[in-house]
1. 7 Å from Cα along Cα→Cβ at both LEU77 and ASP292: what's the point-to-point distance in nm?
2. In debye, nearest 20, what is the charge dipole magnitude of the chain about its Cα centre with +1 on Lys and Arg Cβ and -1 on Asp and Glu Cβ, if you could check?
3. Can you give the Rg to Rh ratio for segment 17-88, taking only C-alpha atoms and Rh from Kirkwood?
4. Distances longer than 21 Å among the Cα atoms of segment 252-389: what percent of all pairs is that?
5. How much mean residue ellipticity at 222 nm does the chain get from its helices, if each DSSP H run of length 4 or more adds -39500 (n - 2.57) and you divide by all residues, to the nearest 500 deg cm²/dmol?
6. Taking the beta-carbon count within 10 Å as an exposure proxy, list THR276, THR149 from fewest neighbours to most.
7. Check PHE225: other-chain or 5+ apart residues with amide H under 5 Å from its amide H, H built from backbone geometry?
8. For the residue pair TRP388 and MET340, what label-to-label distance in nm results when each label sits 7 Å from Cα along the Cα-to-beta-carbon direction?
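Derivation of every value follows stated rules applied to the coordinates shown; laboratory data play no part. In this text, all values refer to a predicted model and were calculated from it rather than measured experimentally. So basically every Cβ, Gly included, is an ideal-geometry build from the backbone, and we count neighbours across all protein chains shown.
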Amino acid sequence: MATALTYDKLVNRIVPGPQSLSYFIPLVILPIAFAIPPWVISKQALCAITLPIITASLIHAWIVMGGIDVISFDMLLHSYHLLLFNDPRRHFRRVVATERSEPATAKGNQTPLLGNSANISVKDESTTPRYVEQSYPSNWNERLPWIGTLIITMRFVDWKIGSPSHDSIRLLRSAIMALQVWATVGQQFQLPCTVPVALHWAGYLPDAWSPHLWPTFFGSFRAMFTTSSLGAVRNFWGRYWHQTLRFYCSSPGVWLSDLLHLSRRSYARYVLLAATTFFLSGIVHIGLVPRDPMFAVESANQIRLRIATFFWLQPVGFAIEMAASIILRRLGTPKSVYVMLNILWFMAWCCFVLPPLGEAGRNLGYWRMWPVPLSLWRGLIHGKWLTWF
C-alpha cells in the first residue's frame, strides 16, 4: 500500500536530515567569523569564540536527530579545518581572473602583485583575462565573494592553501598540458590535410600527393616503454614524437662528429649529437614567441628562455637514462621491470620539464585558442559553434 512521503518520514526513515535550527548555526557563524579581518581579531580569539558555538550547536542537532548525518559532521570537520588547523585569512590565496584594461606602455607588461585585486596594475591593451592570486581583501566588496567561495568550495578549487599536494598537483597538470601540446601539434599536421584527402577520394590527386597514405607523424606510444633498457625519454624523441625537424637539427652535430673522427657507437659522439640537436631545437622553437605577446605577463625573452630550457634539458634526461641503464643491465633487470621503471621515470621527467613549457604556452595564450574553426563540443556546451568568430 502506497503511503504519503512526509518530511518526518524522510529524515527519520530514509535518510538523516536537519530537525532543528541548531543544525544551521555553523552556516551563519562561519561567514561572520571570516568577515572579521585578522587585524581586528586574532585566530586564537576567533577559534575560542566560534568553535564552541559550532560544536555545541551540532551536538544539539545530533541529539534531536538521534544520530549524526554526513553533511553536519562534514560541516564540523570543515569548520575545524578552516578555523583551527589553518589560517585562511593570512595564508590562503584565491585564484581569480582579472581583465587587462589599461593602455600599453613602452615598458610592456607588468607582473601582477600578490594581494588585493585593487592593488593589481596591469598595463596591456588586451582585454582577455589573466589569473592572479588574491589574498584576504581589505575592501569589503571584494571580501564578500572571497569569503563566499572559501566556504562553499569544499575541494578548494581555484585556491592556493599552502599544501604542496593541493597547490601543485604537478602530475595532473603536466598530463593535461602534454595532451594539449599533442592535440595542437596534431591539428597543425592533420587539419590542412583534409583538402588533399578529399581530392584524393574524389580521384583528382595521385597517391604520392595524398598525406593519409604517408607514414604517420607519430610513432607507437607503447614502444616508448617496452624496450629492454631505461630509455623512455630517448624513445619519446626518437621513436614516438614527430621527426619533422630531426635531420635539420641533427646534421650539424653529425658533421662535427665526423670532423672530429668520433666513432659512430661512442658515447662522445652520442653526447655531441644530443647536445647540438636539442640546442638547435630550442633555438628553433623560441621562434614561436612574437616580439610583444598579446596575452603575456612576462617579457618575450623570459618566455623564450622557458621554451629553450625545456629542449636544452632533454640531453640531461638522456644522460640519466644511459647511466641508470648500465647499472640495471649489470643487475640483470627483467623486461617487465624495465616497463614499470620506464613509465614511472617518464612521468617524473615530464613533471620536471613540462611546467616551464606550460607556463610559456599560458603566456602565449595557446590554451585560450581553438585550433579548429568549428567545435561540436563548444557548440553543445556553450552554444558557440564557430570558435574563430
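1. Placing both labels 7 Å beyond Cα along the Cβ direction yields 5.3 nm.
2. 920
3. Across segment 17-88, the Cα-based Rg/Rh ratio is 1.00.
4. 62
5. Computed mean residue ellipticity for the chain: -16500 deg cm²/dmol.
6. THR149, THR276
7. none
8. The modelled label-to-label distance comes out at 4.9 nm.
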